[in-house]
Amino acid sequence: MIVLRYPSRALVGDYLRSGAGLVVGLGVLIVVPPNIPVVVIFGGIAVLFGVFGLRTLQRQKLEVALTENEIACRGLGTKVLAWSDLDFMRLRYFGRRGKRGVFGAGFMELKLKGAGTAFTFESSLEGFEKVAEMAARSYKNNGLSLDPATASNLIDLGIDSDAAVGCDSPPNVL
């Protein structure tokens, strides 16, 4: 069994963004005399960034366990998905390929579903490539075909699995 986690260093930026949003939202609520538009707008901002901070904390506490037969996540609760039950897989890239900006080149998001269970992982998860590789292998073993974007993104990760066979599309550049 392999146990994976989100490294703290990968979450620092999200914690900073959450804190900045809370400071702005709550700061305005404290400084400006209360009126409905200010409370709705800046109260909403504070709530939004507070939820974002809680979501980041949840990712920090998350443990992902991989075996040859299943994937399991333990955080606030425990969810288990047998690889044989996997019936949906999507790997998406968010960002601009080949462009290194102030915030990096982007990130990937892997969604897995099956048997009433769903998981979403970001590429900052340690061992993300292993999760994607095992999911692609299982998806193929389950007799399912990958969409062209997912197959292309797997290739971009260096996963030249049999699951991507039959996809002649160029790498996803969108």
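Just a few scattered comments:
- Computed from Cα atoms, the angle from the helix 36-61 axis to the main principal axis of the chain rounds to 40 degrees.
- Mean sequence separation of contacting Cα pairs (under 8 Å, at least six apart), scaled by the length of the chain, corresponds to a relative contact order of 18 percent.
- Value at 222 nm in deg cm²/dmol, rounded to 500, when DSSP H runs of n ≥ 4 in the chain each add -39,500 (n - 2.57): -14000 deg cm²/dmol
- Helix 128-141 and the longest principal axis of the Cα set of the chain meet at an angle near 50°.
- If the chain linking Arg9 and Phe94 were pulled fully straight, counting 0.36 nm for each residue of separation and taking away their Cα-Cα distance, it would gain 28.6 nm.
- Extension gain for the segment Asp87 to Thr67, taken as residue separation times 0.36 nm less the Cα-Cα distance, is 5.4 nm to one decimal.
- FRET efficiency for the pair Lys113 and Val47, taken as 1/(1 + (r/R0)^6) with r the Cβ-Cβ distance and R0 = 22 Å, rounds to 0.20.
- Residue-span extension gain [Gln60 to Asn142] - 0.36 nm each, minus C-alpha spacing: 26.4 nm
Every number here is computed from the coordinates shown, using simple stated rules; none is lab data. What you see is a predicted model; the values in this text were computed from it and never measured. Glycine gets a Cβ as well: all are built from the backbone with ideal geometry, and neighbour counts include every protein chain shown.
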